[in-house]
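The structure appears below as structure tokens.
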Amino acid sequence: QLAGVNELWRQHRALSRRSLGFSTAALQRALVNRTTQLSDDLFAAYHRSDPPVRDGRWKDAATALENAVQAAPRDATLLADLRYAQGQIHRIQGEADRKARLTSAQTHFTEAIAAFNEAATRRPNWADPQLGLVRTYVYGLDDIDAALAALNKAIDGGFVPGTRESAQLADGYKRTADRLRISAKAAPNVDG
């Protein structure tokens, strides 16, 4: 559906150029509203663990939200939504790059954190950017303390953690334990 909205945005731009924008204001408002609705639906789908929200849907959302932000540049919620979607895109790419052992993973994780933090700043008490940070810290940066801090901010904003968040934290603690075990084995043996 977001892909369809993006096609409507393209048609709206073409129509606006021909009509100098006078007759397209109502269409533009309708497109902003529809983009917001579909983006909210996508964000709600992310809260459910099955099926996972794929990269293509986040890209469609980001494109639609970019168009909506151009139409309503003073709307802080739209800009927060855009930065959140962009954060998810960077997080997903970072995870893929990390699995492929590419150095670009770190850049994507850094961009994801910046986008999620900007979204949280522009839309206070919104749990979604914090949840994006949790996943980024656990699976991207192996920082369980930062993941816990982000989850606590989400909880402070009214989010009720579920099994996904418990599983993510468990993964984070396991990864930390594995890293510490490897480090301990590599440390020189010190006998008293």
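The values are calculated or read from the model by the stated rules, or taken from the named source; none is laboratory data. Computed from a predicted model, the values in this text were never measured in an experiment. Heads up, the Cβs are rebuilt from the backbone with ideal geometry, glycines too, and the neighbour counts pull from every protein chain shown. Protein only, heavy atoms only, side chains kept; ligands, DNA and RNA dropped before computing areas. Shrake-Rupley method; radii C 1.70, N 1.55, O 1.52, S 1.80 Å.
A crude spin-label estimate for the pair GLN11 and HIS47, with each label 7 Å from Cα along the Cβ direction, gives 3.2 nm. Derived from the Cα gyration tensor, the three semi-axes of the equivalent ellipsoid of the range 44-92 are 21, 10, 9 Å, largest first. Under 17 Å of direct C-alpha separation, and excluding same-chain neighbours fewer than eight residues apart, LYS174 reaches these lysines: LYS185.
Straight-line reach from LYS153: which aspartates and glutamates have Cα under 12 Å away, leaving out those fewer than 8 places along the same chain? Reachable aspartates and glutamates: ASP128. Modelled label positions at ASP75 and ALA26, each set 7 Å beyond Cα in the direction of Cβ, lie 1.8 nm from each other.
The orientation-averaged projected area of the convex hull spanned by the Cα atoms of the chain comes to 13.6 nm². The distance linking the range 24-74 with the range 1-19 is 14 Å (Cα centroid to Cα centroid, whole angstrom). Per atom type, the range 96-140 shows carbon and sulfur on 48% of its accessible surface, probed at 1.4 Å. Over the chain, accessible surface divided per residue gives 56 Å², non-protein components excluded, 1.4 Å probe.
Computed over the chain, relative contact order equals 14 percent, with contacts defined as Cα pairs under 8 Å that lie 6+ residues apart. Extending 7 Å from the Cα toward the beta-carbon at both ILE155 and LYS185 defines two label points whose distance is 3.3 nm.
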